[in-house]
Amino acid sequence: NYDNTEQYPSVLPSIGFYNIVNGSMGIGLGAASHIPPTNLREVNKAIIKLIYNSKATDDEIYCAPDFPTGGILLNPRDVREAMLAGRGNSCLLRAKIEYNKKENCLIVCELPYALYTDTICEELEKILENENNLFFERFNDLTGSKPEIKIYLKRNADVKKAIRFLYKNTSLETSFAINLTMLDNGCFPRV
């Protein structure tokens, strides 16, 4: 605890390699953390640079978030500032959606981090049930080892408008907060 009369549980984030590579989310009284995952190879290269040059610049060692589920990072400059400061703007993440002209469907093939296909399917069900649905006929979740949700469009639906509608009205566009609070020396929360 904060007056050091008791021990912290060992599962809280601590300064070190695995929290940065794997990312971490934790909530504690006054010590919440939200650490986006980064690429293992990039972090290794940054550590090697620091070993040989302890005065390496931020540009030389910066590792951008790298989400294992893919997706598109919409605000890389803001995220860089937040990562270097330890907190700030969230990562704005967007699913990757491709259009299949032959089947007249949108294919969701990459998702924002920590988003499940079940969540998207529930949101799509609600959209399909709505009588004001202008774009979508049906959908099919073909997810296996990678996400694959086919969303079939109505005959005259505008593809670009349908995609914008999905980003605006579902979790296919979301955010991931940045708060790099970790335990200093395994005891004290520090950004």
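For this structure, a couple of remarks:
Per-residue answers, yes or no, for (1) aromatic (F, W, Y); (2) within 13 Å of I178 (Cα to Cα):
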{"residue": "F17", "(1), (2)": "yes, no"}
{"residue": "I20", "(1), (2)": "no, yes"}
{"residue": "A32", "(1), (2)": "no, yes"}
{"residue": "I35", "(1), (2)": "no, yes"}
{"residue": "T38", "(1), (2)": "no, yes"}
{"residue": "E42", "(1), (2)": "no, no"}
{"residue": "K45", "(1), (2)": "no, no"}
{"residue": "N53", "(1), (2)": "no, no"}
{"residue": "D58", "(1), (2)": "no, no"}
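- Residue count for the range 33-56, restricted to those that are closer than 19 Å to E81 by Cα and open to solvent by less than 70 Å² (accessible area, probe 1.4 Å): 10.
- Filter result (among the hydroxyl-bearing types (S, T, Y) and either surrounded by fewer than 18 Cβ atoms within 10 Å (Cβ to Cβ) or out of contact with any helix residue (DSSP H, G or I) (no Cβ under 7 Å at 6 or more places or on another chain) (or both)) within the range 150-170: Y152, Y167
- Here the strands (runs of 3 or more DSSP E) wholly within the range 46-136 that include at least 3 residues being more than 30 Å from Y152 (Cβ to Cβ) are 87-94.
- Candidate set from the range 139-184 (those that are closer than 20 Å to I35 by Cα and in contact with a Phe, Trp or Tyr (Cβ under 7 Å, 6 or more places away or on another chain)); member that is modelled with the lowest pLDDT: L183
The values are calculated or read from the model by the stated rules, or taken from the named source; none is laboratory data. Everything numeric here is computed off the predicted structure, so don't read it as measured data. Reconstructed Cβ throughout: ideal geometry from the backbone, glycine too, with neighbour counts over all protein chains shown. Side chains included, ligands, DNA and RNA excluded: accessible areas come from the protein's heavy atoms. Shrake-Rupley method; radii C 1.70, N 1.55, O 1.52, S 1.80 Å.
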